[in-house]
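K.L.:
Quick one: structure below, then a few questions.
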Amino acid sequence: MPGTYKTEAIVLRSIRYGEADRVLHLYSATRGRVGAIAKGSRRPRSRFGGRLEPFFRLDLILHEGRGELATVTSASTVAAHPGLRSSGPALMAAARGCDAVLRLLDSAEANTPAYNLLCRYLALLDGDGSVRGDGAQSTGVDGAAGLSVALAFRLKLALAAGFSPELVSCARCGESDGLVGFSGAAGGVVCAACERGAFELSPEAHRFMVEALGSPLASAPSASDRALRQAERAVSETLEHHAHVRLRAAA
């Protein structure tokens with residue numbers, strides 16, 4: 001129904017449109033994916049300022065008419081993530097995270113776990129110690145820690161979207177022992193008897209995936225580069241086969 005509504009949302013993508021407008025891809029706490037246009041937002045004295053850029057968390061008032069795009073009538077900042085914007089690796093990680101949400105979650109229905117997950121991930125990349133629980137003031141996560149957190153984010157996002165891989169028992173026969181590989185087509189780990197067409201998944205990679213799903217994002221487990229790459233392949237192949245979505249490389 002046409003009308004005006006309030007929502008909190010994160011800007012996933014911001015595209016210049018016409019002479020002075022912006023088209024926004026938003027992920028909303030109450031509406032899921034929302035497309036919107038901010039008229040006149042690129043003018044020097046626009047009331048929106050610079051807050052309609054990607055990664056901003058905003059309180060918005062949107063007007064929904066008969067067209068496909070809602071119109072932004074008001075925007076106030078909840079979190080600008082300045083620390084994230086000052087770090088190249090954190091900026092790229094945020095872009096990949098928002099792109100994953102954009103590709104995987106296209107429904108105009110609220111997905112509270114997915115929205116909260118994205119908020120926590122951006123806060124971590126911003127160096128928010130309150131999210132990590134350590135009170136630190138460092139900016140972002142990088143290196144091996146950054147990759148482990150990025151993959152933990154993808155695993156949890158897949159779970160929130162309903163495409164989490166099977167990690168407890170063989171995705172083909174249900175056997176819980178001797179899990180040696182991973183099959184994207186089957187959607188999870190496989191045993192030695194069912195490993196045809198699968199790739200090797202080391203015990204370390206399997207452990208990482210299980211612990212990453214069961215731990216807070218800020219406490220993502222560590223793992224070797226080889227294990228992390230196997231975990232990334234497992235998530236990517238699962239989503240390609242079952243969600244028909246191909247994500248950008250995690251790093």
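K.L.:
Please list, in order along the range 166-178, the HN-Hα scalar couplings obtained from phi with the Karplus expression 6.51 cos²θ - 1.76 cosθ + 1.60 (θ = phi - 60°), rounded to whole Hz, x for Gly and Pro.
P.N.:
Calculated HN-Hα couplings, in order: 6, 10, 8, 9, 4, 5, 9, 10, x, 5, 9, 9, x Hz.
K.L.:
Where the eigenvalues come from the Cα gyration tensor of the range 161-251, what are the semi-axes √(5λ) of the equivalent ellipsoid, largest first, in whole Å?
P.N.:
Equivalent ellipsoid of the range 161-251: 19, 16, 12 Å, largest first.
K.L.:
Work out which GluC sites (Glu not before Pro) in the chain are exposed loop sites (DSSP not H, G, I, E or B, at most 10 other Cβ within 10 Å) and give the longest gap free of them.
P.N.:
110-251
K.L.:
For residue 167, what charge total do you get from the other residues with a beta carbon under 11 Å from its beta carbon, if Lys and Arg give +1 and Asp and Glu give -1?
P.N.:
-1
K.L.:
DSSP loop trypsin sites (Lys or Arg not before Pro) in the range 188-251 with at most 16 other Cβ atoms within 10 Å of their Cβ, which ones?
P.N.:
196, 246, 248
K.L.:
So how many Å³ per residue does the convex hull of the Cα atoms of the range 1-137 work out to?
P.N.:
For the range 1-137, the hull spanned by Cα atoms encloses 112 Å³ per residue.
K.L.:
Taking 1 over the mean of 1/r across every pair of different Cα atoms in the chain, what Kirkwood radius in Å do you get?
P.N.:
Hydrodynamic radius (Kirkwood, Cα pairs) of the chain is 19.2 Å.
K.L.:
With point charges of +1 on the Cβ of Lys and Arg and -1 on the Cβ of Asp and Glu, referenced to the Cα centre of the chain, which listed residue (157, 79, 119) lies farthest in the positive direction of the dipole?
P.N.:
Working it through, the farthest residue towards the positive pole turns out to be 79.
K.L.:
I would also like to ask the following. Considering the options 197, 93, 221, tell which one lies farthest towards the positive end of the dipole of the chain, charges being +1 on Lys and Arg and -1 on Asp and Glu at the Cβ, about the Cα centre.
P.N.:
93
K.L.:
About the Cα centre of the chain, how large is the charge dipole given +1 on each Lys and Arg Cβ and -1 on each Asp and Glu Cβ? Please answer in debye to the nearest 20.
P.N.:
Dipole magnitude for the chain comes out near 1120 debye.
K.L.:
What residues have an amide H closer than 5 Å to that of residue 41, excluding those fewer than 5 places away on the same chain, when H is modeled at 1.01 Å from N in the peptide plane?
P.N.:
For residue 41, the qualifying residues are 22.
Throughout, read-outs are computed from the coordinates displayed, never taken from laboratory work. None of these values were measured; they are calculated from a predicted model. Glycine gets a Cβ as well: all are built from the backbone with ideal geometry, and neighbour counts include every protein chain shown.
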